[in-house]
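The values are calculated or read from the model by the stated rules, or taken from the named source; none is laboratory data. Because the structure is a prediction, the values reported are computed rather than measured. Here Cβ is always computed from backbone atoms with ideal geometry, including for glycine, and neighbour counts include all displayed protein chains.
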Ligand SMILES: Nc1ncnc2c1ncn2[C@@H]1O[C@H](COP(=O)(O)OP(=O)(O)OP(=O)(O)O)[C@@H](O)[C@H]1O
Ligand SMILES: [Mg+2]
């Protein structure tokens, strides 16, 4: 083995590369997943969003294709009739509003009418002031919480804007808070562009009557929202005279489903990584085994000499096994070191993302590779054991 | 009697069966210095391999120091070879990627002797054979005579009772041959090691005290 360094090196490369592929892709996959999950940051994981759409089934004398809207009353009904729900809170958005203060204006703002409980759906990161509260809603105060981009555009001088007034449409609102949340989830408008006002104010000013765009609900701890879906449909359908089995009429998106979709996706990716990685390692191991078989044949005389001067077949077995384990382990250690180095570079360029493989995973991988070395050495070692002492006498 | 062969027969069965040893009966006392001569293909190496438990025989009896050598387990065979017998070969048969001293140590490694102790012993033997300065050299850096002396050191290190040499001077020039034979004669004299040497060379045979001649697998002493 030591005699033929370049061949040993090439042989070990298969194992090296397989281990690198497996660990690097696993680490990379984890980091990538964490990066995706960061997009959902600050968003309650046990949330569903309800949106009205046209009916697709005729029901109780109504024709299909009828439009309808969620209404303020639905909030109360859901709270009362589906007690497993924790938060039930409305939202309505007015897109492309322009927000103005003095000479500054921001035309991509979204005026969002919300309830105080909305903070439990999309968690704010309050830079200044406070969030909208129950009193704001009940008394229909003309106050607002503004998103980061709105704040940056309207208050370029910085500082605490609370108490100052901004105008959206024709109405002036007093700023009570600034939300710096950077979540990329947007429910009816990105939080960075939002001007949040009490929903009854929005309903009045924008002539929405008691209609709302959507209702966000969260389940109480331990409740799986998907099990409540049928009940929610019944409650809403009864109030608006459509068929509770008419799924397209009430669109419900459940973050749990969303997360589990991402999860399934990554489970699939991981499975693929394992398949490819293990396949490559196995191919590498078979390569090692084959090369060692050839080597053993070349070493017949040497092994014969060892037998002639007193080596038992077991001595020969352990010798070949140790060589095999040493070769695969060395390749494995190099593979792990290379992986750790590569992942360290990735982690450096994506701060805060867990790309690196764990210490114990590395140790486990190493133990597995050493075991693989044993399996790899099996065939060459059995062949070496069959070499008889007389074989040392044969002419080279 | 150290070695006692009774009607040993050996047939090789590779394709055409070849009856090589046709009833060898032979006794060798402890401390003898014996040469075996005979034409090429007469079965000298075959006989020596059987004596060295490197190969087995078909019928007959081989008694070594009062033990019948037949159907030994691999372990027992390895143990006899390791402790009783030293081998010297025509082509030296050193392991090419090990240094001289490592080659000499090898039999002790298989006895489980500690690294330090076997190294010290190997150095001592190399010193006795005048090879101290060559200890860390590889076989391909040494002359034939030097290699054969390394091989002799390796054969001696376990204090064997018997040394079997198959044409030990076959690859050496006449001057070196004489040196090697003198060395073997000296070991036989001083250490009372039983020497059995297969050779074609009459001058080599003349150095021994007894010559056994084989012809067509039969002894004609
Ligand atoms: N492993 C083997 N298989 C088959 N035939 C063999 C084997 N070893 C030796 N022989 C044959 O047995 C016969 C005796 O061989 P052996 O090596 O004992 O002769 P030798 O007397 O040592 O000859 P030499 O002086 O040339 O070394 C030869 O004809 C040889 O071809
Ligand atoms: Mg021969």
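Give the stretch B:148-170 a look and list any residue that's within 12 Å of chain A (Cβ to nearest Cβ) and surrounded by fewer than 20 Cβ atoms within 10 Å (Cβ to Cβ), or say none.
Answer for the stretch B:148-170, where residues must be within 12 Å of chain A (Cβ to nearest Cβ) and surrounded by fewer than 20 Cβ atoms within 10 Å (Cβ to Cβ): just B:170.
State all residues of the stretch B:25-40 that are closer than 20 Å to residue B:169 by Cβ and more than 8 Å from ligand 1 (Cβ to nearest atom); if no residue qualifies, say none. Step through it out loud before you land on a result.
Our first condition is that a residue be closer than 20 Å to residue B:169 by Cβ; within the stretch B:25-40, this holds for B:32-40.
Once the filter is applied, which keeps residues that are closer than 20 Å to residue B:169 by Cβ and more than 8 Å from ligand 1 (Cβ to nearest atom), the stretch B:25-40 yields B:32, B:33, B:34, B:35, B:36, B:37.
Quick check, is residue B:164 within 16 Å of ligand 1 (Cβ to nearest atom), in contact with a strand residue (DSSP E or B) (Cβ under 6 Å, 6 or more places away or on another chain) and closer than 16 Å to residue B:86 by Cα?
Values: within 16 Å of ligand 1 (Cβ to nearest atom): yes; in contact with a strand residue (DSSP E or B) (Cβ under 6 Å, 6 or more places away or on another chain): yes; closer than 16 Å to residue B:86 by Cα: yes.
Criteria met by residue B:164.
Being more than 18 Å from residue A:22 (Cα to Cα), buried (at least 16 other Cβ atoms within 10 Å of the Cβ) and either more than 16 Å from ligand 1 (Cβ to nearest atom) or more than 47 Å from the chain's Cα centre (by Cα) (or both) is true for just one of A:296, A:374, A:333. Which residue is that?
Details: A:374 fails: buried (at least 16 other Cβ atoms within 10 Å of the Cβ); A:333 fails: more than 18 Å from residue A:22 (Cα to Cα).
Result: A:296 is the single residue among A:296, A:374, A:333 that is more than 18 Å from residue A:22 (Cα to Cα), buried (at least 16 other Cβ atoms within 10 Å of the Cβ) and either more than 16 Å from ligand 1 (Cβ to nearest atom) or more than 47 Å from the chain's Cα centre (by Cα) (or both).
Taking the stated definitions as given, is residue B:35 surrounded by 14 or more Cβ atoms within 10 Å (Cβ to Cβ) and either in a loop (DSSP other than H, G, I, E, B) or out of contact with any strand residue (DSSP E or B) (no Cβ under 9 Å at 6 or more places or on another chain) (or both)? Give the steps one after another, and end with the answer.
Details: surrounded by 14 or more Cβ atoms within 10 Å (Cβ to Cβ): yes; either in a loop (DSSP other than H, G, I, E, B) or out of contact with any strand residue (DSSP E or B) (no Cβ under 9 Å at 6 or more places or on another chain) (or both): no.
For residue B:35, the condition - surrounded by 14 or more Cβ atoms within 10 Å (Cβ to Cβ) and either in a loop (DSSP other than H, G, I, E, B) or out of contact with any strand residue (DSSP E or B) (no Cβ under 9 Å at 6 or more places or on another chain) (or both) - is not met.
Can you tell me which residue among A:377, A:352, A:284 is at pLDDT below 90 and assigned to a helix (DSSP H, G or I)?
On the way: A:377 fails: at pLDDT below 90; A:352 fails: assigned to a helix (DSSP H, G or I).
Being at pLDDT below 90 and assigned to a helix (DSSP H, G or I) holds for just one of A:377, A:352, A:284, which is A:284.
Checking the structure you have, find out if any residue of the stretch B:7-24 is more than 16 Å from ligand 1 (Cβ to nearest atom), more than 9 Å from chain A (Cβ to nearest Cβ) and more than 24 Å from residue A:315 (Cβ to Cβ). Quick ask: steps written out before the conclusion?
Let us first name the residues in the stretch B:7-24 that are more than 16 Å from ligand 1 (Cβ to nearest atom), namely B:7.
Okay, now just the ones that are also more than 9 Å from chain A (Cβ to nearest Cβ), so B:7.
Add one more test, that the residue is more than 24 Å from residue A:315 (Cβ to Cβ), and what stays is B:7.
Looking for residues that are more than 16 Å from ligand 1 (Cβ to nearest atom), more than 9 Å from chain A (Cβ to nearest Cβ) and more than 24 Å from residue A:315 (Cβ to Cβ), one finds at least one in the stretch B:7-24, hence yes.
Of the residues A:345, A:333, A:375, only one is touching a residue at least 60 places away in the same chain (Cβ under 8 Å), farther than 24 Å from residue B:98 by Cα and away from chain B (no Cβ under 12 Å); which?
Details: A:345 fails: touching a residue at least 60 places away in the same chain (Cβ under 8 Å); A:333 fails: touching a residue at least 60 places away in the same chain (Cβ under 8 Å).
Step by step, each of A:345, A:333, A:375 is checked, and only A:375 is touching a residue at least 60 places away in the same chain (Cβ under 8 Å), farther than 24 Å from residue B:98 by Cα and away from chain B (no Cβ under 12 Å).
Could you list, in sequence order, all residues of the stretch A:113-146 that are under 33 Å from the mean Cα position of the chain (by Cα) and closer than 16 Å to residue A:167 by Cβ?
Those that are under 33 Å from the mean Cα position of the chain (by Cα) and closer than 16 Å to residue A:167 by Cβ: A:144, A:145, A:146.
Exactly one condition in (1) more than 24 Å from residue B:218 (Cα to Cα); (2) out of contact with any strand residue (DSSP E or B) (no Cβ under 9 Å at 6 or more places or on another chain) is false for residue B:81; which is it?
Checking residue B:81 against (1) more than 24 Å from residue B:218 (Cα to Cα); (2) out of contact with any strand residue (DSSP E or B) (no Cβ under 9 Å at 6 or more places or on another chain), the one that fails is (2).
Please verify whether the stretch B:73-90 includes one or more residues that are on the phi > 0 side of the Ramachandran plot and more than 16 Å from ligand 1 (Cβ to nearest atom). Steps first, answer last, please.
Filtering the stretch B:73-90 down to residues on the phi > 0 side of the Ramachandran plot leaves none.
No, the stretch B:73-90 has no match at all.
Just one of (1) touching a helix residue (DSSP H, G or I) at 6+ places or on another chain (Cβ under 9 Å); (2) more than 13 Å from chain A (Cβ to nearest Cβ); (3) modelled with pLDDT of 95 or more; (4) more than 16 Å from ligand 2 (Cβ to nearest atom) trips up residue B:196, so point out which.
Here residue B:196 clears every test but (4).
So which residues in the stretch B:40-79 are under 13 Å from the mean Cα position of the chain (by Cα), within 9 Å of chain A (Cβ to nearest Cβ) and outside any loop (DSSP other than H, G, I, E, B), if there are any at all?
B:45, B:48, B:49, listed by residue number.
Yes/no per residue for (1) touching a residue at least 24 places away in the same chain (Cβ under 8 Å); (2) within 16 Å of ligand 2 (Cβ to nearest atom); (3) away from chain A (no Cβ under 14 Å); (4) not in a helix (DSSP H, G or I):
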site	(1), (2), (3), (4)
B:111	yes, no, no, yes
B:119	no, no, yes, no
B:127	no, no, yes, no
B:179	yes, no, yes, no
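Go through the stretch B:41-50 and give me each residue that's free of Cβ contacts under 8 Å to residues at least 60 places away in the same chain, on the phi < 0 side of the Ramachandran plot and near ligand 1 (Cβ under 8 Å from one of its atoms).
So the first thing to find is which residues in the stretch B:41-50 are free of Cβ contacts under 8 Å to residues at least 60 places away in the same chain, and the list is B:41, B:46, B:49-50.
The next check asks that each one be on the phi < 0 side of the Ramachandran plot; those that pass are B:46, B:49-50.
Those that are free of Cβ contacts under 8 Å to residues at least 60 places away in the same chain, on the phi < 0 side of the Ramachandran plot and near ligand 1 (Cβ under 8 Å from one of its atoms): B:46, B:49.
Being assigned to a helix (DSSP H, G or I), in the same structural domain as residue A:34 (by TED's automatic domain parsing) and either farther than 30 Å from residue A:26 by Cα or more than 27 Å from the chain's Cα centre (by Cα) (or both) narrows it down to one of A:311, A:326, A:341, so name that one. If you could, list the steps in order and put the result at the bottom.
On the way: A:311 fails: assigned to a helix (DSSP H, G or I); A:341 fails: either farther than 30 Å from residue A:26 by Cα or more than 27 Å from the chain's Cα centre (by Cα) (or both).
Exactly one residue qualifies, and that residue is A:326.
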